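Engineer: Here you go, one structure.
Any read-out appearing in this document is the output of simple, stated calculations on the displayed coordinates, not a laboratory observation. Everything numeric here is computed off the predicted structure, so don't read it as measured data. Quick reminder, even Gly has a Cβ in these numbers, built from the backbone with ideal geometry, and neighbours come from all protein chains shown.
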Amino acid sequence: MKLAEQARVLTWDHLAEGMAATVDFVVTPAEMQAFAALSGDYNALHHDASFARGKGFDGVVVYGGLIVAKISQLIGMKLPGRDAVWMGFSLRFRKPLYVGQQAQLEGTITRLSDATRVVGLRIEVRSAGQVLADGDVEALVVQP
């Protein structure tokens, strides 16, 4: 993603239950190294393929925090977009995502509160037809 990329601007009146947006992504080794430096989490599962395989995984496991970062991208850039700020989320990791593995994050609006301008979204992360993670997000739409 480029710094110059513009966030989608949706007014409250344009939001509706059932609206969805997706983010396709692949986590690279460089992103893993940058996240390790930022977070201070150098757990071998996230950088040593032999160690990870020895623990029953197919390779280096992507940090959950990097998946959460993709949810931030979805909320701030696509749905609800520019005028949204997170209020909270829950996320269940069901299967690991591996470095270099193609994945897709989808968020679908499940509820809208006119009184509070809170949007509820159902989140799913999928790869090769399997759900890797799912959960719920609440975002506040802050428009005058």
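Engineer: Quick one: which residue in L38, L10 is within 24 Å of V85 (Cα to Cα) and either basic (K, R) or in contact with a Pro (Cβ under 8 Å, 6 or more places away or on another chain) (or both)?
Structural biologist: Going through L38, L10 in turn, just one is within 24 Å of V85 (Cα to Cα) and either basic (K, R) or in contact with a Pro (Cβ under 8 Å, 6 or more places away or on another chain) (or both): L10.
Engineer: Kindly indicate whether any position in the range 85-101 is of a type in the set (G, A, S) and under 21 Å from V142 (Cα atoms).
Structural biologist: Initial filter on the range 85-101 (of a type in the set (G, A, S)): 88, 90, 100.
Within this subset, residues satisfying the condition of being under 21 Å from V142 (Cα atoms) are 88.
Yes; the residues of the range 85-101 include at least one that is of a type in the set (G, A, S) and under 21 Å from V142 (Cα atoms).
Engineer: Pull out all pairs, ordered by first then second residue, where Cβ-Cβ is under 6 Å, the residues are six or more apart or on different chains, the first lies in the range 16-39 and is in contact (Cβ under 8 Å) with a residue 40 or more places away in the chain and at negative phi, and the second is surrounded by fewer than 11 Cβ atoms within 10 Å (Cβ to Cβ) and part of a strand (DSSP E or B).
Structural biologist: none
Engineer: With respect to G65, is the statement that it is assigned to a loop (DSSP other than H, G, I, E, B), surrounded by fewer than 18 Cβ atoms within 10 Å (Cβ to Cβ) and either in contact (Cβ under 8 Å) with a residue 24 or more places away in the chain or not aliphatic (A, V, I, L, M) (or both) true?
Structural biologist: Details: assigned to a loop (DSSP other than H, G, I, E, B): no; surrounded by fewer than 18 Cβ atoms within 10 Å (Cβ to Cβ): yes; either in contact (Cβ under 8 Å) with a residue 24 or more places away in the chain or not aliphatic (A, V, I, L, M) (or both): yes.
The answer is no for G65.
Engineer: Tell me yes or no: at least one residue of the range 57-69 is among the hydroxyl-bearing types (S, T, Y) and out of contact with any Ser or Thr (no Cβ under 8 Å at 6 or more places or on another chain).
Structural biologist: First pass over the range 57-69, keeping only residues among the hydroxyl-bearing types (S, T, Y): 63.
From what is left, the residues that are out of contact with any Ser or Thr (no Cβ under 8 Å at 6 or more places or on another chain) are none.
No: the range 57-69 contains no residue that is among the hydroxyl-bearing types (S, T, Y) and out of contact with any Ser or Thr (no Cβ under 8 Å at 6 or more places or on another chain).
Engineer: Any chance you could count how many residues in the range 89-117 are crowded, with 17+ Cβ neighbours inside 10 Å and more than 17 Å from the chain's Cα centre (by Cα)?
Structural biologist: So the count comes out to 2.
Engineer: Follow-up question, since we're still on this one. Return only the number of the condition from (1) assigned to a strand (DSSP E or B); (2) surrounded by 15 or more Cβ atoms within 10 Å (Cβ to Cβ) that V85 does not satisfy.
Structural biologist: All conditions are met except number (2).
Engineer: Please work out if S72 is of a type in the set (S, T, Y), under 17 Å from D134 (Cβ atoms), touching a residue at least 12 places away in the same chain (Cβ under 8 Å) and not in a helix (DSSP H, G or I). Lay out the reasoning, then the answer.
Structural biologist: Details: of a type in the set (S, T, Y): yes; under 17 Å from D134 (Cβ atoms): yes; touching a residue at least 12 places away in the same chain (Cβ under 8 Å): yes; not in a helix (DSSP H, G or I): no.
When the stated conditions are applied, S72 does not pass them.
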